[in-house]
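The values are calculated or read from the model by the stated rules, or taken from the named source; none is laboratory data. Just so we're clear, the structure is a prediction, and the values are computed from it rather than from any experiment. Neighbour counts run over all protein chains shown; Cβ positions are idealised from the backbone, glycine included. Just so you know, the surface numbers come from the protein's heavy atoms only, side chains and all, with ligands and any DNA or RNA stripped out. Shrake-Rupley method; radii C 1.70, N 1.55, O 1.52, S 1.80 Å.
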Amino acid sequence: MADGDGLVSVDYEVYGTVQGVFFRKYTQGEAKKLGLVGWVQNTSRGTVQGQIQGPTARVRELQEWLRKIGSPQSRISRAEFSNEKKIEALEHKEFQILK
């Protein structure tokens with residue numbers, strides 16, 4: 001199976017100035033634009049974390065966005081991705097902002 005085929009699930013955590021700058025809202029918008037599902041939430045550590053699921057190539061696009069772009073006022077110092085795995089079916093119905 002070539003990279004870009006099939007579905008993947010990836011957990012992420014983004015560090016930097018990512019709370020109070022509409023980061024979750026922009027992440028949700030970007031994910032929906034790419035047709036991805038999952039979730040995003042603020043953490044008590046001042047980071048934003050979540051999970052992305054969808055076609056591999058689209059997930060890679062959102063990973064790049066989380067690493068380099070983010071919301072207009074955000075200042076991303078780094079993004080970490082973990083627990084990447086191939087999945088048979090999406091485990092979420094949409095991309096949600098969790099409180």
Of these, Thr27, Thr43, which one is out of contact with any His (no Cβ under 6 Å at 6 or more places or on another chain), open to solvent by less than 80 Å² (accessible area, probe 1.4 Å) and in contact (Cβ under 8 Å) with a residue 40 or more places away in the chain? Thr27
If you go through the range 27-47 one residue at a time, how many are out of contact with any Ser or Thr (no Cβ under 7 Å at 6 or more places or on another chain) and either closer than 12 Å to Tyr12 by Cβ or small (Gly, Ala, Ser) (or both)? 12
Any residue at all in the range 74-82 that is in contact with a His (Cβ under 8 Å, 6 or more places away or on another chain) and modelled with pLDDT of 95 or more? no
Restricting attention to the range 46-73, which residues are open to solvent by 90 Å² or more (accessible area, probe 1.4 Å) and either modelled with pLDDT under 95 or not β-branched (Val, Ile, Thr) (or both)? Arg58, Glu61, Arg67, Lys68, Gln73
Six or more apart or on different chains, Cβ under 9 Å: which pairs go from a residue in the range 58-76 that's closer than 16 Å to Gly16 by Cβ and touching a residue at least 12 places away in the same chain (Cβ under 8 Å) to one that's surrounded by fewer than 16 Cβ atoms within 10 Å (Cβ to Cβ) and charged (D, E, K, R)? Could you list them? Arg67/Arg78; Ser71/Lys25; Ile76/Arg67; Ile76/Lys68
Of the conditions (1) touching a Leu at 6+ places or on another chain (Cβ under 6 Å); (2) among the hydrophobic types (A, V, I, L, M, F, W, C); (3) surrounded by 16 or more Cβ atoms within 10 Å (Cβ to Cβ), the single one that Ile87 does not satisfy is (3)
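Listed here are the residues, each with its yes/no results for (1) of a type outside the set (S, T, N, Q); (2) in a strand (DSSP E or B).
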site: Gln19; (1), (2): no, no
site: Thr27; (1), (2): no, no
site: Lys32; (1), (2): yes, no
site: Gly38; (1), (2): yes, yes
site: Gln41; (1), (2): no, yes
site: Arg45; (1), (2): yes, no
site: Gly54; (1), (2): yes, yes
site: Arg58; (1), (2): yes, no
